[in-house]
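Reviewing the structure listed below.
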Amino acid sequence: MSDRFHKRLWRNAVSFSRSQEPHASIHAVEGLRECPTCGLFQHVPRLKPGHLAECLRCGCQLARRRRTSLIGAPAAFCITSAALYVTLLISSLMTLNVYGRENTVSLMSGPIELGHQGYGAIGVLVALVTIIMPGLIIGLMAAILYGASRPQMPDWTPRLLTWYDRLRGWSMVEVYVLGVLVAYTKLVDLALVVLQPGVYLLGGLMLSMAAVDSTFDAERIWRSRDIRPQLDDHQGHLLDVAHLDARNGVIPPVENMLSCHACNLVVAFDHIVPQEQDMGDCPRCGQILRRRKPQSLASATCLLVASVVFYLPANLLPVMTYTKVGHGAPSTIISGVIELWQAGMIPLSLLVLFASITVPVLKIVALTIMIISPRFGGRWQLRYLAKLYRLVVIIGRWSMIDVFMISILVAVVHFGFLANVTADPGMVCFALVVILTIFAAELFDPRGMWDAAGLNGAVAGPAADIREPETPFPSDPMLRLPSSDPTDMEPGRP
């Protein structure tokens, strides 16, 4: 946001000092798509409903067309999500009965109790990703669908769609559901636990929000958005926007092109585009155009080092203390896994082990390898590193299971001398590891690995894998399959 603020100040200053007549032009290139993982520009034809296109080189999904209606299906699930969300806010999740004394926990109880115990920052974090973000995401989707249904799409619709894409991953309802499940298994041996309607509402909200994402087709909404005839470059000048169809065989040089990170529009300039320089605003969505993420390696490295610093205390320090009738002992993450295993809940213990121990280690090791890889400029296993990066982005937030479980336990188990659960500093360190690795993965640009290997020097031919998701091979014999070894593909080779 600060970059855009400074750009507008500079643009206003320029408008007072010089004429704003268009003096150059750029091209909005249709029929091309840049892979967000490997940076390969390739031809992507218009897809039929139910088909998807995958990158020829790294296998990343480039585009997908839904079989459902553009507005109707996601709107129905969005309304359902809104109804479930509002009802959930005023419903209870579970009730705990200890020797005749009862405590009831709701969605807001955990963050409030964490604040009372002196962990206000973690309480705010839990409230942000379990209460505020889901409501915000539902509201954004409702506004986007309303704007897209208008005959003339309002200018605020692309901005909201961009923010939806950025914030969707921070809505962690599905992770919270697993946190409730783990907390329930720990409580059943302590006292009588009664599940309240809020648990079922939470599960329904998880499914309805997943249904919104599975039926929502952002690409079709972007295609219905008109491209502005002019845009402002980084110096405040106006540039004419022309249209170029790559399907006609006219393709600008790769070094002159970049892809908008928000709407995926490919834009071609009449000169070589610097790697990280601000090239103006996108003529379709208004976001800042950059060829690569700025300071990608430095930012990801700093956040990764910080996460490593917090990782050891996160596993060595206790995350919570459970006392019963005045007796108890602190519990670490690994001791919680052992307790679940000894209680016979082997699948659940393996789930917690994977989410709380394996996933953080995997993220740290994978990001370390990917950060080091561009420094050597080799092509070693780039395709597998690209898949590993996508996996790290997907699984990063699932490590929050332990944090959510603790927030539920401290809210429901506070019976004074009889039974009590308090949070400990290890929980803070663990939450920081999760958040720092999520930001490190978001700031890291995987295309830099392929740039360092010299593999982004030309446009690939019409060789994207176009197929139906349910079948392993395309049904159209005219559609080409990827080559047997896409990692070793030379620049420009189809």
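The values are calculated or read from the model by the stated rules, or taken from the named source; none is laboratory data. It should be emphasised that the depicted structure is a prediction, and the values quoted were computed from it without experimental measurement. Cβ coordinates were reconstructed from backbone atoms using ideal geometry, including for glycine residues, and neighbour counts include every protein chain displayed. Each accessible area value is taken on the protein alone, full model and side chains, heavy atoms only, with ligands, DNA and RNA left out. Shrake-Rupley method; radii C 1.70, N 1.55, O 1.52, S 1.80 Å.
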Among Pro49, Pro45, Pro74, which is farther than 30 Å from Cys429 by Cβ and without any contact (Cβ under 8 Å) to a residue 24 or more places away in the chain? Pro49
Considering only the range 344-359, I want to know if a residue exists there that is touching a residue at least 40 places away in the same chain (Cβ under 8 Å) and within 30 Å of Ala452 (Cα to Cα). yes
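Working only within the range 276-294, note down all residues that are of a type outside the set (Asp, Glu) and touching a residue at least 60 places away in the same chain (Cβ under 8 Å).
Pro283, Arg284, Cys285, Gly286, Gln287, Ile288, Arg292, Lys293, listed by residue number.
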Which numbered condition Leu351 misses (of (1) open to solvent by 40 Å² or more (accessible area, probe 1.4 Å); (2) over 26 Å from the mean Cα position of the chain (by Cα)): (2)
Matching residues, the range 77-127, being assigned to a strand (DSSP E or B) and not charged (D, E, K, R): Ser92, Leu93, Met94, Thr95, Leu96, Asn97, Val98, Asn103, Thr104, Val105, Ser106
Filter the range 406-452 down to the residues that are of a type in the set (Gly, Ala, Ser) and open to solvent by 10 Å² or more (accessible area, probe 1.4 Å), then identify the one that is farthest from Gly39 (Cα to Cα). Gly416
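The rows are residues; the columns are (1) modelled with pLDDT under 90; (2) open to solvent by 60 Å² or more (accessible area, probe 1.4 Å); (3) under 23 Å from Leu190 (Cβ atoms); (4) of a type in the set (A, V, I, L, M).
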residue	(1), (2), (3), (4)
Ala63	yes, no, no, yes
Pro74	no, no, no, no
Ala83	no, no, no, yes
Thr104	yes, yes, yes, no
Leu114	no, no, yes, yes
Val124	no, yes, no, yes
List, please: which pairs have Cβ atoms under 8 Å, are six or more places apart or on different chains, and start with a residue in the range 181-199 that is closer than 24 Å to Trp398 by Cα and charged (D, E, K, R) and end with one that is assigned to a helix (DSSP H, G or I) and open to solvent by 50 Å² or more (accessible area, probe 1.4 Å)? Lys186/Glu339
Determine whether the range 234-250 contains at least one residue that is among the β-branched types (Val, Ile, Thr) and assigned to a helix (DSSP H, G or I). no
Mind checking which pairs have a first residue in the range 411-433 that is among the acidic types (Asp, Glu) and a second that is open to solvent by less than 20 Å² (accessible area, probe 1.4 Å), Cβ under 6 Å, 6 or more apart or different chains? Asp424/Val319; Asp424/Met320
Failed item in (1) modelled with pLDDT under 65; (2) open to solvent by 10 Å² or more (accessible area, probe 1.4 Å); (3) not polar (S, T, N, Q), with Val459 passing the rest: (1)
Kindly provide the set of residues from the range 217-231 that are touching a residue at least 60 places away in the same chain (Cβ under 8 Å) and either open to solvent by 20 Å² or more (accessible area, probe 1.4 Å) or aliphatic (A, V, I, L, M) (or both), ordered by number. Glu219, Arg220, Ile221, Ser224, Arg225, Asp226, Ile227, Gln230, Leu231
Restrict the check to the range 368-378 and report whether at least one residue is among the small types (Gly, Ala, Ser), out of contact with any strand residue (DSSP E or B) (no Cβ under 9 Å at 6 or more places or on another chain) and exposed (fewer than 15 other Cβ atoms within 10 Å of the Cβ). yes
Specify which of the listed residues (Pro318, Pro283, Pro252) is surrounded by 17 or more Cβ atoms within 10 Å (Cβ to Cβ) and under 30 Å from Leu187 (Cα atoms). Pro318
Within the range 284-315, restricting attention to residues that are small (Gly, Ala, Ser) and over 25 Å from Glu255 (Cβ atoms), which residue is modelled with the lowest pLDDT? Ala314
